Amino acid sequence: MTDEPIDIGVLGYRFMGKAHANALDRLPMFFEDAPETNRHTVIGRDEAALAEAANTLGFERTATDWREVIDEVDAFYNLGPNHLHVEPSIAALKTGTPVLCEKPLAPTLAGAEEMREAAAEADVPAACAFNYRFVPAIRYAKRLIDAGELGEIRQVRGRYLQDWLSDPDAPWSWRNDEDMAGSGALGDLGAHTIDLARFLVGDRVGEAASVSGHLKTFTDERPVEGEDGETRPVTVDDAYSAQVEYDSGAMATFEASRVTEGHKNDHTIAVHGSAGSLRFSLERLNELEVMTGDARGYETVLVTDEDDPYIDHWWPPGHVIGWEHTFVHENYEFLKSVARSTTDGGDEVAGAAEGNDFTPNFEDAYEVQRVLDAIERSDAEGVRVDLD
């Protein structure tokens, strides 16, 4: 493991750029064993905005071309729009640079497959940023499921509801374009839920075996911000629903929407087994509702005790944490994996697989992408789709 700071290059500096920069700020304060980092370069197109972002987020340098950066840093964070995930991430992996890429992995299944293959060949950490795996209550839930407290897993229910596109006059963005985003609520929100279900119960129910999906676009075009009277077409879904059967015969129902009035960031998931159930809501992320054994109903567990996942790094019991802390936990695990995969000289360790233990990795994200693709095909063809 290297004792030198890990130089980090970041593509993108807005929403996710701020979330990850904030996480890097918190790490040395609360996680004493976290590797030391150096915010080397922030990458984007607008030089003036880049200069401001570098100053705000604490980066030493700026660049307008990711090609100039990927082999100059020890870790590359790809936080750009979905259509920029494939090429820069693969190029970074080919130089031997570990990658943390935002979700969904790619706009298309073919792109995700290319990224998965590049990661396998590179043999360095290749992570996909499904940050909700790092909620302490979710980790606690997985412990219960893995310990068999819920018995045989029968059903999973997940939904992710937002309302930021409810207004038909809300401005068009890249998230409304199929070429740049791949899909709408399905990939933007559904990817999180499908991955979370896979994380929680995948070891017990296997992979998705068949899928039935329905996608819907409610607003066909949206105004272009700053361009009076100009509109652009919406070519992705506003909402989706899906039914999934897993290898074991367990079933799942998933849905997401970006047009559900009254829901700001309502991500919930429930797991039902032969001996118990649990349910989680992101809007109450320090709590887990659990029913096991002879209980007649759900018990609300406050997951803030010192022996709960990650909580020993934060506050005394009962002092809750928030959404931004999931990125701290995610960066902590990813950067430890990066540090384990290098020697003091910064070169790749021969057989560095022991440093490539971060999950969710590109393989995990590819499996999520297979389900996203099957849901889209099911909707387009009007049939249930089997996943080979």
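Go through region 180-209 and count every residue that is surrounded by fewer than 16 Cβ atoms within 10 Å (Cβ to Cβ) and not in a helix (DSSP H, G or I).
2
On the given criteria, is Met29 surrounded by fewer than 21 Cβ atoms within 10 Å (Cβ to Cβ), closer than 26 Å to Thr326 by Cα, touching a Leu at 6+ places or on another chain (Cβ under 6 Å) and among the hydrophobic types (A, V, I, L, M, F, W, C)? No.
Selection of region 22-56 for residues being more than 20 Å from Glu333 (Cβ to Cβ) and hydrophobic (A, V, I, L, M, F, W, C) yields Val42, Ile43, Ala48, Ala49, Leu50, Ala51, Ala53, Ala54. Can Ala295 be described as at pLDDT below 95, more than 16 Å from Thr193 (Cα to Cα) and out of contact with any Lys or Arg (no Cβ under 8 Å at 6 or more places or on another chain)? Against the criterion (at pLDDT below 95, more than 16 Å from Thr193 (Cα to Cα) and out of contact with any Lys or Arg (no Cβ under 8 Å at 6 or more places or on another chain)), Ala295 qualifies. Considering region 338-363, the residues that are in a loop (DSSP other than H, G, I, E, B) and among the aliphatic types (A, V, I, L, M) include one that is modelled with the highest pLDDT, namely Val349.
The strands (runs of 3 or more DSSP E) located wholly in region 236-337 that include 2 or more residues which are open to solvent by less than 40 Å² (accessible area, probe 1.4 Å) occupy 239-246, 251-257, 266-273, 276-281, 287-292. If I filter region 172-179 for residues that are buried (at least 19 other Cβ atoms within 10 Å of the Cβ) and in a loop (DSSP other than H, G, I, E, B), do I get at least one hit? Yes; the residues of region 172-179 include at least one that is buried (at least 19 other Cβ atoms within 10 Å of the Cβ) and in a loop (DSSP other than H, G, I, E, B). Determine which single condition Phe59 fails, assuming it passes every other condition in (1) touching a residue at least 60 places away in the same chain (Cβ under 8 Å); (2) within 23 Å of Glu333 (Cα to Cα). Only one criterion is unmet by Phe59, namely (1). Number of residues in region 149-163 that are part of a loop (DSSP other than H, G, I, E, B) and either open to solvent by less than 30 Å² (accessible area, probe 1.4 Å) or among the basic types (Lys, Arg) (or both) equals 4.
Of the set (1) part of a loop (DSSP other than H, G, I, E, B); (2) open to solvent by 70 Å² or more (accessible area, probe 1.4 Å); (3) modelled with pLDDT of 95 or more; (4) under 29 Å from Ala120 (Cβ atoms), all apply to Met1 but (3).
The values are calculated or read from the model by the stated rules, or taken from the named source; none is laboratory data. Quick caveat, the model's predicted, so the values are computed rather than measured. Reconstructed Cβ throughout: ideal geometry from the backbone, glycine too, with neighbour counts over all protein chains shown. To get the accessible areas, we keep the full protein, side chains included, count just its heavy atoms, and leave off ligands, DNA and RNA. Shrake-Rupley method; radii C 1.70, N 1.55, O 1.52, S 1.80 Å.
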